[in-house]
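K.L.:
Pasting in a structure now, in structure tokens, and then I'll have a few things to ask.
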Amino acid sequence: MGHWWYRNIVEPGKLPLLLALVSFVLTFLVTRAITRLIRAGKGPFRNITPGGVHVHHVVPGVVLMVVGGFIALAGGRRGFGAGVAAVLFGMGVGLVLDEFALILHLDDVYWTEEGTKSVEIVILTFALVALILGGFLPFGVNEIGPGEATDRFTVVRTVAVNFLFALIALTKGKGRIAVIGVFVPFVALFGAVRLARPNSPWARRFYRTRAKARARARVRAYRHDRRWSALRRKVEHVIGGAPSR
């Protein structure tokens with residue numbers, strides 16, 4: 001494990017990215033726990049309202065991202081400074097993305113159904129960064145034999161093809177399948193060849209003159225949402241808290 005850690009994380013300079021990812025996830029989880037306590041009126045935590053203005057935690061998040069980003073630009077990819085910058089940046093990203101729905105809607109929708117978009121974007125961000133940290137990419141790793149290099153490039157090629165299918169699935173309005181498909185072979189292919197969701201960019205571009213395709217897309221989206229939306233919402237509510245009625 002120690003040899004793998006050094007060759008795939010430390011040697012290629014991925015340690016700051018790992019620190020950013022860990023601090024991002026922990027900050028998001030701690031922030032959600034605190035906001036749920038505030039909502040329930042438990043514990044010592046309260047909303048910050050100087051002068052009657054509710055300061056959302058996206059504000060300190062932006063500050064931490066700016067500070068961490070400038071420290072990272074001023075330093076390098078290694079050393080104590082890079083680690084500090086990564087932690088600050090990860091914390092800032094956790095705070096900002098926790099209120100992604102507020103930024104998207106320009107409204108305080110944190111405890112509404114629209115607010116669950118923040119949980120979705122956090123999960124997507126975690127999945128994509130974890131993919132980069134997978135350690136399969138050969139770049140920056142020294143002393144790779146011919147056999148290992150072939151294996152690594154095979155993985156890179158497979159991921160690249162899956163990523164292409166994932167992009168198609170994403171344009172068809174299937175974001176979750178796209179992210180899963182980057183990791184799991186053929187999942188993105190399944191999303192890429194299926195009908196697009198009715199309001200997706202793919203449907204707007206290619207289904208404009210195909211009335212039957214538009215109708216089939218609406219029916220399929222309705223059936224899919226009726227079957228899976230309840231389960232998806234339960235998972236999101238467990239992570240981020242149930243919205244207010």
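The values are calculated or read from the model by the stated rules, or taken from the named source; none is laboratory data. Note that this is a predicted model, so its numbers are computed, not measured. A quick note on method: Cβ atoms are made from the backbone with ideal geometry, for glycine too, and the neighbour counts reach across all protein chains shown. We work out accessible area using only protein heavy atoms, side chains counted, and drop any ligands, DNA or RNA first. Shrake-Rupley method; radii C 1.70, N 1.55, O 1.52, S 1.80 Å.
K.L.:
Please go through region 194-217 and give me each residue that is open to solvent by 90 Å² or more (accessible area, probe 1.4 Å) and of a type in the set (A, V, I, L, M, F, W, C), ordered by number.
P.N.:
Phe206, the sole residue that qualifies.
K.L.:
Another one. Quick one: in region 82-97, of everything that is within 21 Å of Pro12 (Cβ to Cβ) and of a type outside the set (A, V, I, L, M), which residue is surrounded by the most Cβ atoms within 10 Å (Cβ to Cβ)?
P.N.:
Filtering first and then ranking leaves Gly90.
K.L.:
On to the next question. Which pairs do you get when a residue that is within 30 Å of Val30 (Cβ to Cβ), found in region 220-241, comes within reach of a residue that is in a helix (DSSP H, G or I) and open to solvent by less than 60 Å² (accessible area, probe 1.4 Å), reach meaning Cβ atoms under 6 angstrom, with the pair 6+ apart or on two chains?
P.N.:
Matching pairs, first to second residue: Glu236/Thr116; Glu236/Val119; Ile239/Val119; Gly240/Arg32; Gly240/Val119.
K.L.:
Is it the case that region 56-69 has a residue that's exposed (fewer than 14 other Cβ atoms within 10 Å of the Cβ), touching a residue at least 24 places away in the same chain (Cβ under 8 Å) and assigned to a loop (DSSP other than H, G, I, E, B)?
P.N.:
no
K.L.:
For Arg220, only one of the following conditions fails: (1) modelled with pLDDT of 85 or more; (2) surrounded by fewer than 16 Cβ atoms within 10 Å (Cβ to Cβ); (3) under 18 Å from Thr171 (Cβ atoms). What is its number?
P.N.:
If we test Arg220 against (1) modelled with pLDDT of 85 or more; (2) surrounded by fewer than 16 Cβ atoms within 10 Å (Cβ to Cβ); (3) under 18 Å from Thr171 (Cβ atoms), just (1) comes out false.
K.L.:
Considering only residues that are open to solvent by 80 Å² or more (accessible area, probe 1.4 Å) and either outside any loop (DSSP other than H, G, I, E, B) or among the polar types (S, T, N, Q) (or both), which ones fall in region 31-49?
P.N.:
Arg36, Arg39, Asn47, listed by residue number.
K.L.:
Residue check: is Val187 under 21 Å from the mean Cα position of the chain (by Cα), modelled with pLDDT of 80 or more, surrounded by 13 or more Cβ atoms within 10 Å (Cβ to Cβ) and within 29 Å of Arg32 (Cβ to Cβ)? First the steps, then the outcome.
P.N.:
Numbers: under 21 Å from the mean Cα position of the chain (by Cα): yes; modelled with pLDDT of 80 or more: yes; surrounded by 13 or more Cβ atoms within 10 Å (Cβ to Cβ): yes; within 29 Å of Arg32 (Cβ to Cβ): yes.
Answer is yes for this residue.
K.L.:
Could you run through region 98-128 and say how many residues are under 19 Å from Val179 (Cβ atoms) and open to solvent by less than 30 Å² (accessible area, probe 1.4 Å)?
P.N.:
Kept after step one, since they are under 19 Å from Val179 (Cβ atoms), are these residues of region 98-128: 98, 100-101, 104, 116-128.
So of that shortlist, the ones also open to solvent by less than 30 Å² (accessible area, probe 1.4 Å) come out as 98, 101, 116, 118-119, 122, 127.
The total comes to 7.
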